[in-house]
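**Student:** Here it is, the structure, as structure tokens.
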Amino acid sequence: MKIELKKWTPDLAEGLIKVCNNTDRTYLTDRLPNPYTDECAKQWLENIVAVHDGKDGLFRAIVADGAVVGNITVEGKTGIYCKDAEIGYILHKDHCGKGIATEATRLIVKEAFETLDIVKLTSEVFAPNKASARVLEKNGFVLEGVLRKAACKNGELFDLLRFGKLK
Ligand SMILES: CC(C)(COP(=O)(O)OP(=O)(O)OC[C@H]1O[C@@H](n2cnc3c(N)ncnc32)[C@H](O)[C@@H]1OP(=O)(O)O)[C@@H](O)C(=O)NCCC(=O)NCCS
């Protein structure tokens, strides 16, 4: 399978909407609108991607054998955290378990360290999200700490695993 990252452009919006409406949200924050509409895609492409891509962030479609199957992002932080950036990814549920997120993470980590003014990448993962933790570990991220009962989703408390990778 050929895995590539492509810059998000308006012609890929349909793929973005499909991914966002068909990803497993169990261990996601509530930042991703639900349902994810045409207007959500338009706003995100115009107000986030167009403004930040290549400057203090990277926003990429995950493309497998020519089809959009996921979204992967690196978002720069601000203030004293300005040399750190947050990595995040989601896949369409039909495409999980095939090594796609691991390869997409490898690609975006390389690009982020080569092109952004950062020294570190971080991610906070819901403790039961074993697949996501594995994706990070397989890309050389290390567990830096456990943020105990840091997230509350649908009334349930979760520990967050904080992973980091230095340039
Ligand atoms: C997390 C996610 C991106 C992983 O994508 P993926 O392409 O399926 O991941 P990969 O196939 O590259 O790798 C998954 C790894 O996790 C492992 N894994 C998957 N489910 C697991 C489980 N329940 N317990 C333990 N390991 C698990 C796989 O075996 C694999 O590791 P291995 O290669 O050592 O065997 C995908 O499941 C997803 O989109 N989830 C919903 C959104 C989300 O949670 N995003 C992350 C927020 S931090």
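Bear in mind these aren't lab numbers, they're just calculated from the coordinates by the rules spelled out. All values derive from a computational prediction rather than experimental measurement. Ideal geometry is used to build each Cβ from the backbone, glycine not excepted, and the neighbour counts take in all protein chains shown.
**Student:** List residues of segment 74-93, by number, whose backbone nitrogen lies under 17 Å from a label position 7 Å along Cα→C-beta of Lys18.
**Tutor:** 90-93
**Student:** Where Rh is the Kirkwood radius over the Cα pairs of the chain, the temperature 37 °C and the viscosity 0.692 mPa s, what D in µm²/s does Stokes-Einstein return?
**Tutor:** Working: Rh = 16.3 Å.
Once the numbers are plugged in, D ends up at 202 µm²/s.
**Student:** Tell me which of Val142, Leu12, Ala61 sits at the most positive position along the dipole axis of the chain, charges placed on C-beta atoms (Lys, Arg +1; Asp, Glu -1).
**Tutor:** Projecting each Cα onto the dipole axis, the largest value belongs to Val142.
**Student:** Moving on to the next point. Which of these, Gly76, Gly54, Gly66, has the largest mean-square fluctuation under a Gaussian network model of the chain (Cα springs below 10 Å)?
**Tutor:** Between Gly76, Gly54, Gly66, it is Gly66 that shows the largest mean-square fluctuation.
**Student:** Put +1 on the Cβ of each Lys and Arg and -1 on the Cβ of each Asp and Glu in the chain; which of Ile48, Ala101, Thr115 then has its Cα farthest toward the positive end of the dipole?
**Tutor:** So the residue we want is Ala101.
**Student:** Here is a follow-up. Rounded to the nearest 20 Debye, what is the dipole magnitude of segment 15-54 about its Cα centre when Lys and Arg each give +1 and Asp and Glu each give -1 at the C-beta? Numbers along the way, then the final one.
**Tutor:** Working: 4 positive and 6 negative charges, 20 e Å.
My answer is approximately 100 debye.
**Student:** Which whole-angstrom value gives the distance between the alpha carbon centres of segment 28-89 and segment 107-167?
**Tutor:** 16 Å
**Student:** Residue by residue through segment 91-107, what is 3J(HN,Hα) from phi via Karplus (6.51 cos²θ - 1.76 cosθ + 1.60, θ = phi - 60°)? Round to whole Hz and write x for glycine and proline.
**Tutor:** 10, 4, 4, 5, 10, 7, x, 10, x, 5, 5, 4, 5, 4, 5, 4, 5
**Student:** Another one. Add -39500 (n - 2.57) for each DSSP H run of 4 or more in the chain, then divide by its residues: what number comes out at 222 nm, to the nearest 500 deg cm²/dmol?
**Tutor:** One gets -7000 deg cm²/dmol as the mean residue ellipticity at 222 nm.
**Student:** With +1 on each Lys and Arg Cβ and -1 on each Asp and Glu Cβ, how big is the dipole of segment 3-119 about its Cα centre, in debye rounded to the nearest 20?
**Tutor:** Details: 14 positive and 19 negative charges, 41 e Å.
The calculation lands at about 200 debye.
**Student:** OK, next. ³J(HN,Hα) across segment 61-73 via Karplus (A = 6.51, B = -1.76, C = 1.60, θ = phi - 60°), whole Hz, x for Gly/Pro?
**Tutor:** Going residue by residue, I get 6, 8, 10, 10, 6, x, 10, 6, 10, x, 10, 9, 9 Hz, with x marking Gly and Pro.
**Student:** Also: Report the label-to-label distance for Thr37 and Met1 in nanometres (one decimal), using points 7 Å from each Cα along the Cα→Cβ vector.
**Tutor:** 3.2 nm
**Student:** Take Lys120 and Asp159, extend 7 Å from each Cα along the Cα→Cβ direction, and tell me the distance between the two endpoints in nm.
**Tutor:** 2.1 nm
**Student:** Another question, then. With +1 assigned to the C-beta of every Lys and Arg and -1 to the C-beta of every Asp and Glu, and no other charges, what is the dipole magnitude of segment 37-91 about the Cα centre in debye, to the nearest 20?
**Tutor:** Numbers: 5 positive and 9 negative charges, 37 e Å.
Roughly 180 debye for segment 37-91.
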